[in-house]
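Step one of this worksheet: look at the structure below.
The values are calculated or read from the model by the stated rules, or taken from the named source; none is laboratory data. This one's a predicted model, so the numbers in the text were calculated from it and none came from an experiment. Because the Cβ atoms are built from the backbone with ideal geometry, glycine has one as well, and the counts that use them run over all protein chains shown. Heads up: the accessible areas ignore ligands, DNA and RNA and are worked out on the full protein's heavy atoms, side chains in. Shrake-Rupley method; radii C 1.70, N 1.55, O 1.52, S 1.80 Å.
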Amino acid sequence: MGRKERRDREVKRENYATKHSAEKRKQNLMALGVFAIIAVIVGYSVFVFLNMTETAPGGPENAGALGSEHSHAAILVKIFGDTFEFSGPAFQIKSSWIHFEGRDGTTIHKHATGVDLEFLFDSLRIALDDQCYVFPDGKSYCTQEDYTLKFFINEEQTSDIRDYEIAEDDKILITFGGETDEQIQEYLEQLNNQELVK
């Protein structure tokens, strides 16, 4: 083998190594670019999620950021003495702001400041005012001569609960019927014995 052939081989090897090295560098830079773009997207998504405020979709007008509060309240609804629970799928997690969850229908979970009970009932498609409690199917229970819609918050009767914002360990009783004071006391005792599911 002559000197010229050896030199040609070395040049070919060097060209191949240079070309191979350049190709590898190009692939590495492309992969790095893709990872950088993914990191920017993930970072932006995390930033947006952590800074969601009342402008986030589906939130109430005056609500704080999701996660600005996490309160639990017990609720008991008695219609003609029968307990209505919100444990069915139709009433579970209808809003991120305030809801029932985990197949439990007795504990309200609130996840932001500025979220009232009216927003909860609206999200469940239950119409509620100081006179009527109307289920999504249209069945209504309205105060009349013989039967009354009553609200209690922490054992105190109140005329309306729509604007009320729950606080940790609140107890909310809604009744409709012609209950005696003794029956109301029994309901309040039942409510006080309800365990909050946190």
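Residues in the stretch 179-198 that are assigned to a loop (DSSP other than H, G, I, E, B) and open to solvent by 80 Å² or more (accessible area, probe 1.4 Å) were compared, and the one that is farthest from GLN157 (Cα to Cα) is LYS198.
With the requirement that a residue be modelled with pLDDT under 75 and of a type in the set (A, V, I, L, M), what does the stretch 36-95 give you?
VAL46, VAL48, LEU50, MET52, ALA56, listed by residue number.
Does the stretch 143-178 hold any residues that are open to solvent by 100 Å² or more (accessible area, probe 1.4 Å) and part of a strand (DSSP E or B), and which are they? Hits for the stretch 143-178 are GLU156, GLN157. Among the residues of the stretch 164-176, just one is more than 16 Å from HIS109 (Cα to Cα) and either at pLDDT below 95 or of a type in the set (Phe, Trp, Tyr) (or both), namely PHE176. Among the residues making up the stretch 75-118, those that are open to solvent by 30 Å² or more (accessible area, probe 1.4 Å) and touching a Ser or Thr at 6+ places or on another chain (Cβ under 7 Å) are GLU85, LYS94, ARG103, HIS111, THR113.
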